[in-house]
Structure formats: C-alpha cells, structure tokens
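Below: one structure, written as structure tokens.
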Ligand code: TXA
Ligand code: MG
C-alpha cells in the first residue's frame with residue numbers, strides 16, 4: 001500500500017471533502033470512531049479493506065444523516081426495522097435490511113442485505129450532512145485490534161494509511177452499535193450494544209439474541225449470520241482473563257498484570273497490578289475498556305484481568321466484548 005499523508009482536522013467540512021474525492025476519513029460517533037468512504041465509490045470502498053487489513057467477506061455498516069437516505073440503500077423496510085428506526089434512530093443501533101442491487105457488493109461482502117445506522121453524535125451528524133451521501137464505515141482500527149474510542153487510537157492504527165482524521169472527543173458509549181437483523185421471521189440481535197435487548201423487547205417482544213448453532217461433530221458454527229462475529233475481535237495483545245470475587249486472579253510470578261473492573265482489588269493485590277482501573281458504573285467500564293486494553297499493550301502488560309459484570313442491559317454487551325477478547329487464542 002502506498003503511504004498517504006494524513007490530515008488531522010476539527011472541520012467536518014474538510015473531512016467531508018475527502019469523502020467526496022474518493023478518499024477515506026475517520027470520524028467520531030457516540031459508539032466508536034468510524035472509517036468512512038462514499039458508499040457510491042467502489043474505489044473508496046476498496047481502500048477501507050486495504051487500510052484496515054479487513055477480510056473481504058466482512059460487510060460494512062452504512063451511515064446516514066437523514067431518514068430519506070434509507071431509500072437509496074433499500075427498497076423494502078421490514079416492519080420490525082421500521083419500528084426500530086422510529087424508536088431508536090438516531091442512536092447506537094444498526095438495522096440489517098434487504099439491500100438495493102445498485103449498492104456495491106463490497107459493502108455487503110456479497111450478501112443481499114445491508115446494515116444501516118444513523119449516529120446521534122453531533123460531529124458525526126455534521127460530517128454526514130456535509131458528505132451528502134451515505135457513508136460506509138467500519139470501526140477505524142486495524143482488523144483485530146480493539147475498536148478506537150479516541151482520535152489518538154485511530155492515529156495509532158491508521159496514520160499514513162488514510163487521508164483524514166476528524167478529531168472529536170472520546171466516544172460516549174465505547175462499544176460498537178447493537179446490530180439487529182430484520183430480514184427474518186423475528187428480529188435477531190447479531191451484536192449487543194447500548195440499545196439493549198430489554199429496550200428492543202419493550203417495543204418488539206419477539207426479538208431474540210442470535211446464538212451460533214453448533215454442528216454435531218465440531219465446534220465450528222454451522223452458519224455464521226454476521227460474518228464479522230467469526231473474526232478475532234476486540235483483542236489486545238495481552239492475554240485477557242475474566243475474574244470475579246468468587247474467581248480471583250491467579251498470580252504467576254514475573255508476569256506483568258493489569259486489572260479493570262467495578263470492585264477495587266484487595267489492597268495487597270492492588271500493588272501487584274502494574275495498571276489498575278476501577279470504574280464507578282457499567283457505563284464507565286464499557287466506555288473505557290477498549291482504551292484500557294490499548295494502554296496495557298503499550299505498557300507491555302501480559303495479562304489483563306477483567307472483572308465479570310451481570311450480563312444484562314449494557315453489561316451484556318460489555319461481557320460479550322470481554323469474552324471475545326478472552327477467547328482470542
Ligand atoms: O458502532 C458501530 O457500529 C461502528 C461505528 C463506526 O458505526 N461500526 C462498526 O463497524 O462497528 P464494524 O464494521 O467494525 O462492525 C460491523 C458489524 C460486523 O460484525 C459485520 O459483520 C456486521 O456488523 N454487519 C454489517 N453488515 C451486515 C450485514 N449485511 N449482515 C450481517 N452483519 C452485518
Ligand atoms: Mg470493527
């Protein structure tokens with residue numbers, strides 16, 4: 001890949017200009033930073049996969065600033081998708097609906113469906129308005145590393161690989177959007193997020209969590225509904241272990257360890273951890289976990305102990321990301 005000079009800017013208009021000249025621009029949203037390309041530019045879409053080192057069979061989410069842009073992406077909005085759009089847009093949620101044929105297969109990774117999201121974040125909205133076109137955007141990290149929650153995280157991964165980074169503040173949610181497949185008999189949550197299963201079920205009681213079906217003789221999933229879910233994800237270089245009051249960390253002499261959780265570690269343990277982050281709520285834990293992973297990697301931490309939380313509400317999404325990080329080997 002030819003190196004490019006990356007522009008760092010606070011101007012949504014400057015970043016949008018890059019999009020309109022078939023270049024990539026990273027931008028903040030309320031969930032994580034996105035790496036945007038004009039959905040109508042085949043050339044720009046290809047650059048996303050090159051810059052991130054992203055497998056071509058992992059589809060992209062398309063971001064919009066106005067509801068009337070939905071018609072550019074799909075000709076059929078299922079009832080459940082309509083309900084989600086009416087209730088939760090703009091916000092940290094993506095709906096999967098049938099894709100218009102005219103939209104590049106690069107966006108959907110060959111599927112005939114498309115993910116659509118309208119972020120609530122002010123800077124994201126301003127940027128998307130300036131673009132005027134829907135913007136395809138995965139998270140703005142190298143494939144396999146934790147999603148970026150600050151522009152500095154984006155810089156660490158993509159400086160010299162993309163044309164522009166729109167600088168905004170640290171993201172509010174810190175975990176990627178809830179992804180709901182609305183193309184089947186009942187809505188299926190493919191990825192949990194800040195719009196919780198409970199919130200979805202309050203408007204669409206038939207909503208279910210997607211669980212991988214296992215084939216009889218192997219641990220491979222028989223079908224992968226959301227291709228992104230089969231890749232190593234959210235993983236720091238360090239080994240992640242899940243701990244709790246009942247299952248405290250096991251100390252290995254000479255191993256640099258870190259701790260993140262809601263309960264402060266016992267006094268004698270606290271001094272053994274090279275990095276400690278005690279959060280005051282599940283919201284804060286979710287907001288800071290990815291940047292903590294990144295900080296630990298910079299400090300050459302070998303083991304990150306993550307405290308288990310109750311898997312409901314946002315805790316369900318947080319436990320999903322931590323569990324994936326813990327099982328990456
Ligand atoms: O919060 C977010 O969703 C962020 C910001 C930038 O919007 N984006 C993001 O994109 O996390 P990405 O590419 O890192 O994750 C998209 C997820 C992947 O797991 C992908 O497989 C799934 O959504 N996805 C996208 N389109 C899909 C489709 N048509 N069918 C099934 N899954 C889809
Ligand atoms: Mg991602």
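What follows is calculated from the coordinates using simple rules that are stated; it is not laboratory data. As the structure is a prediction and not an experimental result, all values here were calculated from the model. Cβ atoms come from the backbone with ideal geometry, glycine included; neighbour counts cover every protein chain shown.
Highest GNM mean-square fluctuation among 250, 294, 100, for the chain modelled with Cα contacts below 10 Å: 250.
The calculated FRET efficiency for the pair residue 300 and residue 280, based on their C-beta separation and a Förster distance of 45 Å, comes to about 0.95. If you line up the long axis of helix 282-298 against the longest principal axis of the chain, both from Cα atoms, how many degrees apart are they, to the nearest 10? With both axes taken from Cα atoms, the answer is about 80 degrees.
Projecting label points 7 angstrom from Cα along Cα→Cβ for residue 21 and residue 237 puts them 3.5 nm apart. Out of all DSSP beta bridges with both ends in the chain, state the antiparallel percent to the nearest 5. Bridges in the chain that DSSP calls antiparallel: roughly 40 percent.
Fewest neighbouring Cβ atoms within 10 Å first, the residues 33, 210, 259 line up as 210, 259, 33.
Listed from fewest to most Cβ neighbours within 10 Å, the set 102, 30 follows the order 102, 30.
Among 95, 289, 241, sorting on how many other beta-carbon atoms sit within 10 Å of each Cβ, with the fewest leading, yields 241, 289, 95.
If the Kirkwood radius is taken over C-alpha pairs of region 1-149, then at 25 °C and 0.890 mPa s the Stokes-Einstein diffusion coefficient equals 160 µm²/s. For the chain, the longest principal axis of the alpha carbon atoms and the long axis of helix 122-131 meet at an angle near 30°.
Mean-square fluctuations from a GNM of the chain, with a 10 angstrom spring cutoff on Cα atoms, peak among 280, 268, 300 at 268. Between 0 and 90 degrees, the angle of helix 42-52 with respect to the longest Cα principal axis of the chain falls at about 10 degrees. Counting only DSSP beta bridges with both residues in region 88-224, the antiparallel share comes to about 60 percent.
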